[in-house]
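Notes for the one structure printed next.
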Amino acid sequence: MKYQFPKRIQDMTPYQPITGDYQIRMDANESYLNLSDTQWQRIQARLAEVAYNRYPDPYTVALGEKFASFYGVDPQFVVAGNGSDEIISLLFGTFFDEGDTVAVFQNDFSMYGVYCETYGVSCKALPKEDNLTINVEKTLQRMKEENITGIIFSNPCNPTSLGLGKEDVRKLIRGTDALVILDEAYMDFWGESLLNEIGEYENLIILKTCSKALGMAGIRLGFLVANPKIADMVRAVKSPYNVNSLTQVVGEELFSEPEKIRTATAEIVENKNRLEQAVKSLAVDYPNIFTKVYDSCTNFVFIKTPYGKEIFQELLHRSIAVRFMGDYLRISTGSKDENSFLIRELQDILQGLIK
Ligand SMILES: *Cc1c(COP(=O)(O)O)cnc(C)c1O
């Protein structure tokens with residue numbers, strides 16, 4: 001029989017990152033902070049000791065313990081992945097049967113829908129409120145009506161930057177038998193994590209990543225946290241050597257300095273707050289251009305604007321990359337200087353738009 005791609009992937013196209021060299025990158029929610037010299041020296045020393053001819057530890061024991069102690073969870077509950085993207089892909093590929101329907105929200109992380117398609121999992125996009133918040137009661141009602149077996153969402157949300165408080169998230173988890181996959185990629189910037197009560201839930205998976213607050217997007221390291229029944233199933237279906245030795249060592253070093261992580265996170269939040277204030281005052285001066293600036297619980301600001309495309313392109317000409325998403329712009333915080341530069345350029349661009 002002649003080989004053909006399965007129907008469900010025939011129209012898929014490769015992910016298109018922004019290409020080109022831009023002086024200021026505010027498009028991918030990464031951290032603007034790179035390793036300090038002392039961190040790099042310690043990592044280099046560790047990298048010199050790696051047995052490059054041997055396979056890595058399939059269960060990332062040393063790394064898992066460091067992660068668990070930083071977040072105050074039981075290491076039994078923790079499984080590491082090659083970025084949390086790999087874990088999301090694995091869950092969509094193995095945790096759902098044909099006939100299952102997984103709920104996602106409109107205006108949430110686009111990869112959820114992509115993996116649904118990739119694995120032929122039926123996917124139901126549930127609406128958010130007009131102000132982009134999640135209504136738990138309505139969501140639970142819809143989940144019942146649609147026979148939902150799993151739901152995945154980011155909290156705080158990428159791209160809206162909005163957070164759903166602990167009590168609401170608990171209501172959602174307790175109100176359903178479906179598997180709840182709670183992506184806390186940005187929770188380090190906010191204080192409403194459910195990580196330390198993970199043991200209370202049979203149907204909850206929490207996802208974490210080192211790519212955002214921890215500033216390690218390049219090493220590809222993410223984690224799943226769930227009760228051992230779920231965690232062991234993930235260990236059973238994952239590829240054994242999914243986290244390479246170099247990543248494991250760098251991750252161990254990273255979590256060895258919890259104070260550094262906290263200081264860096266606080267600095268990022270401070271810069272995001274200043275950026276948000278500055279963008280909000282632009283919205284006061286140009287209410288027809290920045291029609292809404294959302295209250296961010298993350299390291300980026302989310303702006304509603306009918307001029308997204310023009311602003312995005314003007315910023316690119318000035319070597320600043322942000323993310324254009326239809327009616328919205330998403331701008332990750334940079335350093336203090338980068339943010340000041342951005343705001344000056346934005347002022348100039350918005351001024352030009354009203355002429
Ligand atoms: C960035 C991001 C991730 C991906 O994290 P990686 O660990 O780099 O794969 C997952 N979820 C959300 C919501 C994100 O914004």
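For this structure, a couple of remarks:
- Rh by Kirkwood over Cα pairs, then Stokes-Einstein D for region 233-284 at 0.692 mPa s and 37 °C, µm²/s: 226 µm²/s
- Portion, in percent, of the accessible area of the chain that falls on carbon or sulfur, probe 1.4 Å: 48 percent
- Cα centre as origin, Lys/Arg/Asp/Glu Cβ charges: the chain dipole, Debye: 460 debye
- Computed over protein heavy atoms with a 1.4 Å probe, the accessible surface of the chain works out to 49 Å² per residue.
- Hydrodynamic radius of region 309-355 per Kirkwood, over alpha carbon pairs, in Å: 11.0 Å
- Rg(Cα) / (2.2 N^0.38 Å) computed for region 255-355, rounded to two decimals: 1.12
- By the Cβ rule of 4.7 Å, the chain holds the following cysteines without a possible disulfide partner: C157, C210, C297.
- Region 294-323-region 211-266 distance, computed between alpha-carbon centres (Å): 30 Å
- For the pair region 162-206 and region 1-69, the centres of their Cα atoms are 25 angstrom apart.
- Computed over region 1-62, the P(r) curve from all C-alpha pair distances, binned at 10 Å from the origin, holds 13, 20, 23, 30, 12, 2 percent per bin.
- In the chain, the DSSP beta bridges split such that about 50 percent are antiparallel, to the nearest 5.
- Restricting attention to region 174-332, the count of lysine pairs at 8 or more positions apart or across chains with alpha carbons under 21 Å apart stands at 16.
- Percent of C-alpha pairs per 10 Å bin in region 44-193, short distances first: 10, 34, 33, 16, 6, 1.
- Per residue of the chain, the DSSP helices (runs of n ≥ 4 H) give a summed -39500 (n - 2.57) that works out to -12500 deg cm²/dmol at 222 nm.
- Note, ³J(HN,Hα) from phi for region 180-191, Karplus 6.51, -1.76, 1.60, rounded to Hz, x at Gly and Pro: 9, 9, 9, 8, 9, 4, 10, 5, 4, 8, 9, x
- Inverse of mean 1/r across different Cα pairs in region 204-312, Kirkwood, Å: 17.1 Å
- For region 15-148, size of Cβ-based charge dipole, Lys and Arg +1, Asp and Glu -1, in debye: 300 debye
- Summarising the amide proton neighbourhood of F300: residues at separation of 5 or more, or on other chains, whose placed amide H is nearer than 5 Å comprise T333.
- With N the number of residues in the chain, Rg(Cα) / (2.2 N^0.38 Å) evaluates to 1.02.
- Percentage of interatomic Cα-Cα distances in region 127-218 larger than 16 Å: 55 percent
The values are calculated or read from the model by the stated rules, or taken from the named source; none is laboratory data. Keep in mind it's a predicted model, so treat the numbers as computed, not measured. Cβ sites come from the backbone with ideal geometry, for glycine too, and all protein chains shown count toward neighbours. These accessible areas exclude ligands, DNA and RNA; they are computed on the full protein's heavy atoms, side chains included. Shrake-Rupley method; radii C 1.70, N 1.55, O 1.52, S 1.80 Å.
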